[in-house]
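Notes follow once the structure below has been shown.
Readers should treat all values here as calculations from the given coordinates under stated rules, not as data from a laboratory. Remember, it's a predicted structure, so these values are computed and weren't measured experimentally. Glycine gets a Cβ as well: all are built from the backbone with ideal geometry, and neighbour counts include every protein chain shown.
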Amino acid sequence: MSRQPRERTLDTEVFGRPISYNYSETWVGWSVLGLRLVMGYVIFSSGLEKLATEGWTNPGGWSAHFFLTNVISEDNPLQPMWLFFADHTWLIEPMVMWGQLAVGLALLLGVFVRLACFAGALQMLLFWAAAWQGGLAAGLPVAHGYVIDSSFVYALVLFGLGAWGAGRILGVDAWLESTEVVQSNPWLRYLLG
């Protein structure tokens, strides 16, 4: 006896326009799980690569200082902020590297997914802003797209994963939400899911 995928209808409003469509719970569940695991892998492996090639343990390896002072365009409208960060790489480098490791691991395990998605999306938006090569008059072009690049796409995917509560699908968050601590403190659900 084969089980039929359950269909549901999503009723929402976008820009004041009502939207309604049918979707398969089965395929949404698999796609959300797949996106969470792939994003977790991509972000975690990026952090691992930085850890393995870190500038202070591997001369010539990864360095936020080099990126902030040599890779970011001088036409970037946020150039003063990047130069400030370059003067504080003792703080920035560990935040980027350990942040990527923590966000990636949280997504892979499905634990504190909303918190991880927020932190990861914030980091991706900063990476996106670092790629700007001019002001608004220049259209904020980036190296691999006109305004939109992979960091912006990653930020949107992370936003979606957090909104969908992706940690509840074969993740630790599903178990955490059933604990007495979370049941007694419902605000914790904003970090889970």
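Computed extension length for Tyr23-Phe84: 17.2 nm, one decimal, from 0.36 nm per residue of separation with the Cα-Cα distance subtracted. Computed from Cα atoms, the angle from the helix 113-130 axis to the main principal axis of the chain rounds to 30 degrees. Taking amide H positions as modeled 1.01 Å from N, with prolines and chain starts lacking one, the residues under 5 Å from Trp62 and 5 or more places away or on another chain are Thr53, Glu54, Gly55. Taking θ as phi - 60° and the Karplus parameters 6.51, -1.76 and 1.60, the scalar couplings of segment 167-181 work out to x, 7, 9, 6, x, 5, 4, 4, 5, 4, 5, 8, 6, 5, 4 Hz in sequence order, x denoting glycine and proline. Applying the Karplus relation 6.51 cos²θ - 1.76 cosθ + 1.60 with θ = phi - 60° to segment 10-16 yields 3J(HN,Hα) values of 9, 10, 8, 9, 10, 6, x Hz, where x marks Gly and Pro.
Scanning residues 5 or more positions from Asp75 or on other chains, none has an amide H under 5 Å from its amide H, with H placed 1.01 Å from N in the peptide plane. Measuring r between the beta carbons of Phe66 and Ile148 and using R0 = 22 Å, the FRET efficiency lands at 0.30. Each stretch of four or more DSSP H residues adds -39500 (n - 2.57); spread over every residue of the chain, this sum gives -17000 deg cm²/dmol at 222 nm. Here the Karplus curve 6.51 cos²θ - 1.76 cosθ + 1.60, taken at θ = phi - 60°, turns the phi angles of segment 72-79 into couplings of 5, 4, 5, 7, 4, x, 9, 3 Hz, with x standing for Gly and Pro. Neighbours of Arg36, meaning other residues whose beta-carbon lies under 11 angstrom from its beta-carbon, give a summed charge of 0 when Lys and Arg score +1 and Asp and Glu score -1.
With both residues required to sit in the chain, DSSP beta bridges show an antiparallel share near 90%. When the label point is put 7 Å from the Cα of Thr9 along its Cα-to-beta-carbon vector, which residues of segment 28-46 have a backbone N closer than 12 Å? Of the residues in segment 28-46, none has backbone N under 12 Å from the label point off Thr9. What longest region of the chain stays clear of trypsin sites (Lys or Arg not before Pro) that DSSP places outside H, G, I, E and B and that have at most 15 other Cβ atoms within 10 Å? For trypsin sites (Lys or Arg not before Pro) (loop position, at most 15 other Cβ atoms within 10 Å), the longest site-free span of the chain is 7-193.
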